[in-house]
Amino acid sequence: MKITVLGSGGWGTALALLLTDNGHDVTLWSHSARRSALLEQARENPRLPGVPLPEALHLSAALDSLRESGAVVMATPSFAVRETARMAAPLLRQDAVVVSVAKGIEKDTALCLTQIIEEELKGKGRVVALSGPSHAEEVGRRVPTGCVAASRDMAAAELVQDVFMSPRFRVYTNSDVLGVELGAALKNVLALCCGVSDGMGLGDNTKALLMTRGMTEMARLGVALGGRKETFAGLSGMGDLIVTCTSMHSRNRRCGILVGQGKSVEEAMKEVGATVEGYYAALSAHQLAEKAGVEMPICECAYRVLYEGHSVREVVGALMSRNKKREVDESWI
Ligand SMILES: NC(=O)c1ccc[n+]([C@@H]2O[C@H](COP(=O)([O-])OP(=O)(O)OC[C@H]3O[C@@H](n4cnc5c(N)ncnc54)[C@H](O)[C@@H]3O)[C@@H](O)[C@H]2O)c1
């Protein structure tokens with residue numbers, strides 16, 4: 001199949017390699033001619049050092065390949081998804097499968113990325129979210145990985161399963177696209193929190209507490225908005241939460257570590273040097289929790305530190321001295 005991957009960061013490149021390995025005819029699009037030329041010159045992405053780009057993989061800064069592509073992978077950072085979908089729309093085949101692989105929630109609208117893509121494509125294409133515990137660095141090295149393809153259109157999700165599946169990359173399907181996308185976006189907030197905890201020198205107990213109760217928060221919001229609770233125990237929920245909160249590959253966690261060590265949020269984001277999706281997702285979580293009327297105390301603390309200038313020590317103290325609770329809140333099960 002002819003496939004265009006829109007976005008040549010670490011994740012777009014790793015997926016372009018996977019799809020080329022799977023025998024597809026792949027074009028990797030960069031949003032600037034300069035970036036595409038640099039990739040062409042090096043035949044390597046600096047985000048995936050030591051992983052050569054095979055000759056069979058086409059590199060381009062033009063969108064022409066979209067006209068013939070049966071599948072299009074949207075792999076830009078979340079803030080660029082709307083403008084990229086808008087640019088792609090006129091060239092897209094009516095029957096193309098559009099695979100959303102970025103993780104985030106739109107800042108002002110609080111929409112998930114497949115919703116933005118559907119808005120911009122105005123009835124063209126069949127949109128699927130592909131998500132899960134999948135560091136680009138590891139997929140680039142062909143490390144065994146599993147993801148979930150989610151869509152209300154199960155035939156489209158199954159097509160994505162067929163196209164991406166390989167002996168190194170398992171793909172499951174799920175019809176709960178909202179649950180999958182919320183898990184993918186919100187775990188970045190919790191990865192920031194776990195990073196802060198590590199940066200402050202707190203312990204494994206603290207991190208496990210943050211991850212477990214953070215998972216409960218994600219699921220509570222997801223269920224209130226129409227997602228399924230079980231989805232949050234799956235690859236895009238618990239799976240992605242584990243990988244992001246425990247790995248140094250996670251830029252969200254690295255950003256949190258710097259904040260926990262005393263750097264300002266601005267300094268930390270600058271030092272990480274790549275998109276810290278959790279920063280934006282913390283604002284969206286705050287807005288969505290307010291709208292849905294659900295409690296998300298850990299995400300709310302992240303919001304207070306990132307957007308309201310509260311100190312991390314202050315919010316840790318506030319979290320630990322909340323009222324007594326039951327572990328299982330039967331009202332939302
Ligand atoms: N890196 C991973 O391991 C990984 C895994 C799964 C999902 N994701 C998600 O994929 C998305 C992309 O992440 P990444 O790691 O590839 O990012 P990255 O930081 O490696 O690269 C981002 C790319 O986007 C380009 N870009 C910047 N502004 C743009 C614009 N306005 N329009 C189009 N492109 C623009 C940059 O030039 C760069 O090539 C994120 O939402 C991330 O959460 C990443």
Task: Filtered residues of region 10-26 (kept if under 22 Å from His249 (Cα atoms) and of a type in the set (S, T, N, Q)) - done: Thr13
Open item on the list: Let me confirm something: among Ala102, Ala89, which residue is over 16 Å from Gly9 (Cα atoms) and either in the same structural domain as Gly23 (by TED's automatic domain parsing) or part of a helix (DSSP H, G or I) (or both)?
Closed with: Ala89
TODO: Go through region 240-268 and count every residue that is out of contact with any Ser or Thr (no Cβ under 9 Å at 6 or more places or on another chain), within 13 Å of the ligand (Cβ to nearest atom) and of a type in the set (A, V, I, L, M).
DONE: 1
- [ ] List the number of the failed condition for Ser30; all other conditions in (1) within 12 Å of the ligand (Cβ to nearest atom); (2) of a type in the set (S, T, N, Q); (3) out of contact with any strand residue (DSSP E or B) (no Cβ under 9 Å at 6 or more places or on another chain) hold.
- [x] (3)
- [ ] Identify, from the list Val101, Val73, the residue that is within 9 Å of the ligand (Cβ to nearest atom), in contact with a strand residue (DSSP E or B) (Cβ under 7 Å, 6 or more places away or on another chain) and either of a type in the set (A, V, I, L, M, F, W, C) or more than 21 Å from Val160 (Cβ to Cβ) (or both).
- [x] Val101
Open item on the list: Against the conditions (1) out of contact with any helix residue (DSSP H, G or I) (no Cβ under 6 Å at 6 or more places or on another chain); (2) surrounded by fewer than 22 Cβ atoms within 10 Å (Cβ to Cβ), where does Leu319 fall short? Just the number, please.
Closed with: (1)
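Would you confirm whether any residue within region 141-148 is surrounded by 24 or more Cβ atoms within 10 Å (Cβ to Cβ) and of a type outside the set (A, V, I, L, M, F, W, C)? Steps first, please.
We begin by selecting, within region 141-148, every residue surrounded by 24 or more Cβ atoms within 10 Å (Cβ to Cβ); these are 147-148.
Adding the requirement that they be of a type outside the set (A, V, I, L, M, F, W, C) leaves none.
Within region 141-148, none of the residues are surrounded by 24 or more Cβ atoms within 10 Å (Cβ to Cβ) and of a type outside the set (A, V, I, L, M, F, W, C).
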Open item on the list: Looking only at residues that are touching a helix residue (DSSP H, G or I) at 6+ places or on another chain (Cβ under 8 Å) and part of a helix (DSSP H, G or I) in region 45-70, which one is nearest to the ligand (Cβ to nearest atom)?
Closed with: Leu66
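What number of residues in region 271-295 are over 20 Å from the mean Cα position of the chain (by Cα) and either under 21 Å from Leu241 (Cα atoms) or of a type outside the set (A, V, I, L, M) (or both)?
Initial filter on region 271-295 (over 20 Å from the mean Cα position of the chain (by Cα)): 271, 290-295.
Retained after the next criterion (residues that are either under 21 Å from Leu241 (Cα atoms) or of a type outside the set (A, V, I, L, M) (or both)): 271, 290-291, 293-295.
Here the count works out to 6.
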Task: Criterion (of a type in the set (A, V, I, L, M, F, W, C), at negative phi and not assigned by TED's automatic domain parsing to the domain that holds Ala285) met by exactly one of Leu190, Leu130 - done: Leu130
Open item on the list: Restricting to region 6-27, name every residue that is near the ligand (Cβ under 10 Å from one of its atoms) and buried (at least 23 other Cβ atoms within 10 Å of the Cβ).
Closed with: Leu6, Gly7, Ser8, Trp11, Gly12, Thr13, Ala14, Leu15
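Specify which of the listed residues (Arg304, Arg251, Arg322, Arg326) is in the same structural domain as Leu186 (by TED's automatic domain parsing), in contact with a His (Cβ under 7 Å, 6 or more places away or on another chain) and without any contact (Cβ under 8 Å) to a residue 40 or more places away in the chain. Please lay out each step first, then the result.
Numbers: Arg251 fails: in contact with a His (Cβ under 7 Å, 6 or more places away or on another chain); Arg322 fails: in contact with a His (Cβ under 7 Å, 6 or more places away or on another chain); Arg326 fails: in contact with a His (Cβ under 7 Å, 6 or more places away or on another chain).
Unique residue meeting the criteria: Arg304.
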Task: Residues located in region 82-97, provided they are surrounded by 15 or more Cβ atoms within 10 Å (Cβ to Cβ) and near the ligand (Cβ under 8 Å from one of its atoms) - done: Thr84
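Those residues that are part of a loop (DSSP other than H, G, I, E, B) and within 14 Å of Arg213 (Cβ to Cβ), I need them from region 280-322; list them, please.
Residues of region 280-322 part of a loop (DSSP other than H, G, I, E, B): 293-296, 309-311, 321-322.
Passing the criteria: Val294, Glu295, Met296, Arg322.
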Open item on the list: If a residue must be part of a helix (DSSP H, G or I) and not hydrophobic (A, V, I, L, M, F, W, C), how many such residues does region 215-236 contain?
Closed with: 8
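Looking at region 132-146 only, could you name the residues that are in a loop (DSSP other than H, G, I, E, B) and more than 10 Å from the ligand (Cβ to nearest atom)? Full working, then the answer.
Taking region 132-146 as the starting set, the residues that turn out to be in a loop (DSSP other than H, G, I, E, B) are 132-135, 141-144.
Hits for region 132-146 are Arg141, Arg142, Val143, Pro144.
The values are calculated or read from the model by the stated rules, or taken from the named source; none is laboratory data. This is a predicted model, so every value here is computed, not measured. No Cβ is skipped: glycine too gets one built from the backbone with ideal geometry, and neighbour counts run over all protein chains shown.
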